[in-house]
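Structure first, commentary second.
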Amino acid sequence: GAGVSQSPSNKVTEKGKDVELRCDPISGHTALYWYRQSLGQGLEFLIYFQGNSAPDKSGLPSDRFSAERTGGSVSTLTIQRTQQEDSAVYLCASSLAPGQAEKLFFGSGTQLSVL
Amino acid sequence: AQSVTQPDIHITVSEGASLELRCNYSYGATPYLFWYVQSPGQGLQLLLKYFSGDTLVQGIKGFEAEFKRSQSSFNLRKPSVHWSDAAEYFCAVGGPGGSYIPTFGRGTSLIVHP
């Protein structure tokens, strides 16, 4: 596609429910990043995928968070048993190759609200 | 570990006035430094970047930033602000000496008064 696509753009859920957020990176981009943007907290790194390598999960805040990337393309971020503190904008980004932060393309994000 | 500090949460300027947004970083080697802008409802867009060489870098939309190693700073400037510059601005650091995964600051919200 022309850009990084994220869906849904908005998600409202009840505390305790599971949610799935989707990211479609730019075609051919091997590196994919998930960040979380909380009010006043900036962008917090969550997880990084690069090709077929094991993902860097060092930023995931708890074991309720997981992500997968199928076929080296689409990625899904799953949050289980959501809590109110999970409310944030979840941003996905991709780049053609690793280490190309200057060529990082961001999606518009998914606004998650946990009631 | 690499980190970025943006000390100003909000900055308010009048249209036509000059602007400087502060960014300080912590990094173990020569950093790659970036400024991104996030307009309301939009994704992040790269304004400019520093890798090496000339410490004054020019970006899009009339922005520039200066890398000062002695101060561990990479402040963003614009000589005359337009109302359309109102947005959230993020400084980021990354590179081969640390992590290629960019670390972002918490952002500075720019408010422009007419």
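The values are calculated or read from the model by the stated rules, or taken from the named source; none is laboratory data. Please read all numbers here as calculations on a predicted model, not as lab measurements. Glycine also receives a Cβ, built like all others from the backbone with ideal geometry; neighbour counts cover every protein chain displayed.
Things to note:
- Inter-residue pairs, beta-carbon under 6 Å, first within 11 Å of A:C23 (Cα to Cα) and in region A:55-75, second at pLDDT 95 or above and surrounded by fewer than 16 Cβ atoms within 10 Å (Cβ to Cβ), 6+ apart: A:E68/A:T76
- In summary, A:L112 fulfils each of the numbered conditions (1) assigned to a loop (DSSP other than H, G, I, E, B); (2) surrounded by 14 or more Cβ atoms within 10 Å (Cβ to Cβ); (3) in contact (Cβ under 8 Å) with a residue 60 or more places away in the chain with the single exception of condition (1).
- Residue list for region A:1-19, restricted to those being surrounded by 15 or more Cβ atoms within 10 Å (Cβ to Cβ) and outside any loop (DSSP other than H, G, I, E, B): A:S5, A:Q6, A:K11, A:T13, A:V19
- Candidate set from region B:88-114 (those that are among the aliphatic types (A, V, I, L, M) and at pLDDT 95 or above); member that is nearest to the chain's Cα centre (by Cα): B:L110
- Test for A:G59: is it closer than 30 Å to B:L110 by Cα, surrounded by fewer than 16 Cβ atoms within 10 Å (Cβ to Cβ) and within 11 Å of another protein chain (Cβ to nearest Cβ): no
- Within region B:71-96, being over 25 Å from B:G43 (Cβ atoms), more than 11 Å from chain A (Cβ to nearest Cβ) and not in a strand (DSSP E or B) holds for B:Q71, B:S72, B:P79, B:S80.
- Residue match in region B:11-20 (condition: part of a loop (DSSP other than H, G, I, E, B), under 23 Å from A:Q37 (Cβ atoms) and either touching a Lys or Arg at 6+ places or on another chain (Cβ under 7 Å) or modelled with pLDDT under 95 (or both)): no
- Scan of region B:4-46 for residues that are within 12 Å of another protein chain (Cβ to nearest Cβ) and farther than 15 Å from B:S109 by Cβ, ordered by number: B:V4, B:T5, B:P31, B:Y32, B:L33, B:F34, B:G43, B:Q45, B:L46
- Residue ID - nearest to A:G109 (Cα to Cα), chosen from residues in region B:29-70 that are of a type in the set (A, V, I, L, M, F, W, C) and in a loop (DSSP other than H, G, I, E, B): B:F63
- Residues in region A:30-45 that are in a strand (DSSP E or B) and at the interface with chain B (Cβ under 10 Å from one of its Cβ atoms): A:A31, A:Y33, A:Y35, A:Q37, A:S38, A:G42, A:L43, A:E44, A:F45.
- Among the numbered conditions (1) surrounded by fewer than 18 Cβ atoms within 10 Å (Cβ to Cβ); (2) in a loop (DSSP other than H, G, I, E, B); (3) modelled with pLDDT of 95 or more, the only one that A:N52 does not meet is (3).
- Summed over region B:52-78, the residues that are in contact (Cβ under 8 Å) with a residue 40 or more places away in the chain and exposed (fewer than 15 other Cβ atoms within 10 Å of the Cβ) give a count of 2.
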